[in-house]
Amino acid sequence: MNGEYSSSTSNPSTSDVSISGDKDEKKNLSPYEKILLDVKYDARFKAEETNGRRIGFYRIFKDIGLGSFSRVKLGRHLLAHEKVAIKILDKTKIDEKTQRLLLREITSMERLYHPNIIRLYEVIETPKDIYIVTEYASGGDLYTRINHTGKFPEDEAKHIFAQITAAIDHMHSKGIVHRDIKTENVFFAKERLIKLGDLGFSTFTEKNQTLTTFCGSPPYAAPELYRDENYIGIYVDIWAMGITLFFMVTGLMPFRAENIGKLKQSIIDGHYSIPGHVSNQCQELIHGLLNHEIMERWSINRVRSCAWLTHQSFPKEFEPFSMDLNEHCASSNKNKRSPIENEAYLRLKQLGITSEHLQAMSENSDENHLSNRDNINGTYRILLHRLQKQSTALERDPLYGKQSHEDFSSSGTQKISGSIDTGEQKHIQNLHQNQTQKARVCIIL
């Protein structure tokens, strides 16, 4: 990757642990040491890695998503026993522009810490592939949910949309715009708990900074993307929120056409109608989000305070803990750890990862710190994030529903399809799917 990535290799380091293949000795080893032993001596482990069924501390299972340059697999961390999503990119198939987008995606995820945004755990690079390991949301995406069950009742839509709003508010507060907000990128971790993901087109911007790169999916694109030479990122995100909300409460897209050219013109013209069953307060919000006058388009603060979302909960961001484990090992920082950090560090030690291991890894690191490119720090991030989630009402409150369960035995890929009631809805589904998946682009205007 031309030196852009300083990532962990596929195999954990065994240089800091003295172990042999003796079976009796293995009984006394810690979980961490057992994995290192298996990596070095176990033929099954070696075969799994050769066959693409293991990378680093992760066992890899079925496909859960496919893209133009990548595939996403379900995985499980062998030490933390946590399900993860593993995005795998073939380095021979991605050009420099895609490399820049990938680096930007990783950098964006590093700076975000919100319960409604997918969390980054680890990045692994091999001579052939790049693996991006993230939090896994097992309940499928919002687009598939709408296609299967139809439009959301407004009371349920409010709950989901409030979480989407909170996630985007957090991104914008960190100077990051998503630029590809759509129902396919909203995932269910529980029945009513969502996670915003796929930050591949995200970028950093100053307030009111103009951008010139067209990103995203045509059905969700704001009119200024087609009409002007530049645009302001936050307003593009807000427009896409309006399209998302419209689709949630109607099961249809506000702008529909036979092809992308006519779709662009429909969006520029700005003519759409909201079905009469949608409440006046929801209609007011949709009109505010889909305002063609950029400076009159509703702000996130106005969305949060609108009548339709009265009494809704907007989840707060997590405490911004350091993701560099070495910082918590320094003697000067021991008294500064939070209870959650102390617990995560204790659980790491229970797995057999001691301060001696951390020191050895740090000394072997070119940057003299542990980052998302290190398998020990990846383990710590998973443990820390698990504790953060458990400490919030989002995970405990029955309002958010039950945990979705994933079948590891299945090998089928999740498909974006569902039962459609009418011919018109089927036509809209096909058009939406074609225009969204085949025309998801990022080009210079």
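Bear in mind that the values in this text are calculations on the coordinates, not laboratory data. Note that the structure is predicted; figures quoted are calculated from it, not measured.
Numbers for the structure displayed
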item: Residue-by-residue Karplus 3J(HN,Hα) for region 74-80, coefficients 6.51, -1.76, 1.60, Hz, glycine and proline x; result: 7, x, 9, 6, 6, 8, 7
item: Residue 121 long-range amide H proximity, modeled H, under 5 Å; result: 133, 134, 135
item: Share of pairwise Cα separations in region 23-135, more than 26 Å, in percent; result: 26 percent
item: Under 5 Å, built H, 5+ apart or other chain: amide partners of residue 55; result: 60
